[in-house]
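Asker: If you scroll down you'll find the structure; I have some questions about it.
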Amino acid sequence: MSQLPSVDHAEAIELAGLYVLDALLPSLRAAVQEHLGACPDAHLEFDELGSVLPALALLVEPIQPPAALRARVMAAIKERG
Amino acid sequence: MAGVAATDETLVERVANGDQGSLAELYDRYQSLTLGLAARITGDRTVAEDVVQETFIGVWRAAGRFSEGRASARTWIIAICHHRAVDVLRRRRPSSPLPDPELPPPVQLVSVDVWPAVSRALDAEAVRGALNGLPAAQREAIELAYFGGLTQQEIAARTDVPLGTVKSRVRLGLVALRDALRSVDRQ
């Protein structure tokens, strides 16, 4: 488990779905990332599959938060400046 | 300015320049969506409110890096919220690996909107239809990952299939979903 796995182009494409869903173990995730950084080929698959995800969020029933949450968020922002 | 609402992307740009009013405006636009998503993932309303707070603090912190990405602001905010909510789940589950503190910001995870209408024109009905059109096993794998925050290993254990099967189910499911949403988008 401790050695960093190595991922070639075909494997990276295979893992694109799990990667964009953030469902890979950290070591494999890091290996995919390393490949993406080093590989000169296009990885359109990652962009295309990733762009499906915000559509999934549309399936969720929106919930109106209490007004107090807005105040809390803005107070936290002011604190950070 | 006369009554014309700023786009989300303009607001993020202003947030990057330290404009708190623009952050408040983004909050007003996305508070219900992010709370709904965080509540669905965490299953806990109080925790979900904390996730929403973390999400907008994340927007405030990372707005300067947003322009480097190619995603819509909507996609970006949803990705931040999803990421935080899944973090909470994984911290709670001893079986899960702890989130890597060195993880890059989600802007790199979801870096582009291939067909921008996904974030605007599609309605929940079309997405539900597309998801229901998938083979049940593919839909289940995607839902366990996205809404359950489960890893490949956890999905394999839960559904009693090998890791490679989870990999192909997720991939084939997302590809089919992409194609289905794209064809809806063209109509």
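Asker: Say we look at segment B:160-177 and pick out the residues that are open to solvent by less than 10 Å² (accessible area, probe 1.4 Å) and of a type in the set (V, I, T); which of these is farthest from the other protein chains (Cβ to nearest Cβ)? Walk me through how you get there before you give the answer.
Answerer: Initially, segment B:160-177 is screened for residues open to solvent by less than 10 Å² (accessible area, probe 1.4 Å), giving B:166, B:170, B:173-174, B:177.
Checking the rest, the ones that are also of a type in the set (V, I, T) come to B:166, B:170.
Working: B:V166: 8, B:V170: 4 Å.
By that ranking, first place goes to B:V166.
Asker: Okay, moving on. Name the residue, out of B:V52, B:V110, B:V118, B:V114, that is modelled with pLDDT under 65, more than 24 Å from A:L25 (Cα to Cα) and open to solvent by less than 30 Å² (accessible area, probe 1.4 Å).
Answerer: B:V118
Asker: So which pairs qualify, if the first residue must be in segment B:132-154 and at positive phi, the second must be assigned to a loop (DSSP other than H, G, I, E, B), the Cβ gap must be under 9 Å, and the two must be at least 6 apart or on different chains?
Answerer: As it stands, the answer is B:G149/A:D22; B:G149/A:A23; B:G149/B:R93; B:G149/B:S96, since those pairs meet every condition given.
To keep it simple, each residue is scored yes or no on (1) open to solvent by 40 Å² or more (accessible area, probe 1.4 Å); (2) without any contact (Cβ under 8 Å) to a residue 12 or more places away in the chain; (3) of a type in the set (G, A, S); (4) assigned to a helix (DSSP H, G or I).
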{"position": "B:A5", "(1), (2), (3), (4)": "yes, yes, yes, no"}
{"position": "B:A24", "(1), (2), (3), (4)": "no, yes, yes, yes"}
{"position": "B:Y27", "(1), (2), (3), (4)": "no, no, no, yes"}
{"position": "B:I57", "(1), (2), (3), (4)": "no, yes, no, yes"}
{"position": "B:G64", "(1), (2), (3), (4)": "yes, no, yes, yes"}
{"position": "B:R74", "(1), (2), (3), (4)": "yes, no, no, yes"}
{"position": "B:I78", "(1), (2), (3), (4)": "no, no, no, yes"}
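Asker: Within segment A:67-77, can one find any residue that is closer than 24 Å to B:V88 by Cβ, surrounded by fewer than 18 Cβ atoms within 10 Å (Cβ to Cβ) and at pLDDT below 90?
Answerer: For segment A:67-77, residues closer than 24 Å to B:V88 by Cβ, surrounded by fewer than 18 Cβ atoms within 10 Å (Cβ to Cβ) and at pLDDT below 90: absent.
Asker: Of everything in segment B:140-159, what is facing chain A (nearest Cβ under 8 Å) and farther than 16 Å from B:R90 by Cα? Give them in sequence order.
Answerer: Once the filter is applied, which keeps residues that are facing chain A (nearest Cβ under 8 Å) and farther than 16 Å from B:R90 by Cα, segment B:140-159 yields only B:I142.
Asker: Follow-up. Of the conditions (1) within 7 Å of another protein chain (Cβ to nearest Cβ); (2) touching an Asp or Glu at 6+ places or on another chain (Cβ under 8 Å), A:E14 clears all except one; give me its number.
Answerer: Result: A:E14 fails condition (2) only.
Asker: Another question, then. Name the one entry in A:V32, A:V52 that is more than 23 Å from B:A73 (Cα to Cα) and surrounded by 16 or more Cβ atoms within 10 Å (Cβ to Cβ).
Answerer: Only one candidate qualifies: A:V32.
Asker: Kindly indicate whether any position in segment A:32-46 is within 12 Å of chain B (Cβ to nearest Cβ) and within 16 Å of B:Y146 (Cα to Cα).
Answerer: yes
The values are calculated or read from the model by the stated rules, or taken from the named source; none is laboratory data. These numbers come from a predicted model, not from an experiment. Don't worry about glycine lacking a Cβ; one is built from the backbone with ideal geometry, like all the others, and counts go over all protein chains shown. Remember, those area values only see protein heavy atoms, side chains included, never the ligands or the DNA or RNA. Shrake-Rupley method; radii C 1.70, N 1.55, O 1.52, S 1.80 Å.
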